[in-house]
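A.B. asks: Once you've had a glance at the structure underneath, I'll fire off some questions.
Coordinate-derived values only; no laboratory data. Everything numeric here is computed off the predicted structure, so don't read it as measured data. Here Cβ is always computed from backbone atoms with ideal geometry, including for glycine, and neighbour counts include all displayed protein chains.
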Amino acid sequence: MDNATLKELKERLLFLKKEIRSRIEENSKKVNIQERGDVGDYSDAIYTKDIIYDLLEKDRKRLQEVEESLYRIENGSYGKCARCGKEIELERMKAKPTAKYCIECRKIVESGL
Ligand SMILES: [Zn+2]
């Protein structure tokens, strides 16, 4: 991967990190408000809370992936498949900057072999 692309992807990852972090903060606040019982319609609050919890969980996972990718940039392993060590297709990295595996390995990892 050339330096310009690496820089571009790093910037995207840093942006994502900020975005996810502020969303987690915001959703955590919402959950706290609902736990204090400030919401008028009880059943509706529970319903929303489930959705927010789900979002929080997904965002925490995403944040972890982003941080892992940034760490991989620092130690020079970014853009290489964590399983076979081959360079991951550039198009794939651009579509998903947190990609850790090449397409072939992803299939294998996902099928649990
Ligand atoms: Zn691979």
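A.B. asks: If we keep just the residues of region 100-113 that are more than 10 Å from the ligand (Cβ to nearest atom) and of a type outside the set (Gly, Ala, Ser), which is surrounded by the most Cβ atoms within 10 Å (Cβ to Cβ)? Quick ask: steps written out before the conclusion?
C.D. replies: So the first thing to find is which residues in region 100-113 are more than 10 Å from the ligand (Cβ to nearest atom), and the list is 110-113.
Cutting the leftovers down to of a type outside the set (Gly, Ala, Ser) gives us 110, 113.
Values: Glu110: 9, Leu113: 6.
The extreme case among them is Glu110.
A.B. asks: Filtering region 79-99 down to residues that are more than 9 Å from the ligand (Cβ to nearest atom) and part of a loop (DSSP other than H, G, I, E, B), which residue is farthest from Leu9 (Cα to Cα)? Step through it out loud before you land on a result.
C.D. replies: Of region 79-99, the ones more than 9 Å from the ligand (Cβ to nearest atom) are 79, 87, 89-99.
Subsequent filtering for residues that are part of a loop (DSSP other than H, G, I, E, B) retains 79, 89, 96-99.
On the way: Gly79: 10, Glu89: 14, Lys96: 9, Pro97: 6, Thr98: 9, Ala99: 11 Å.
Across region 79-99, the extreme among qualifying residues is Glu89.
A.B. asks: If the Cβ limit is 8 Å and pairs must be 6+ apart or interchain, which residue in region 70-89 that is on the phi > 0 side of the Ramachandran plot pairs with which residue that is near the ligand (Cβ under 10 Å from one of its atoms)?
C.D. replies: These pairs meet every condition: Gly79/Glu87; Gly79/Ile88.
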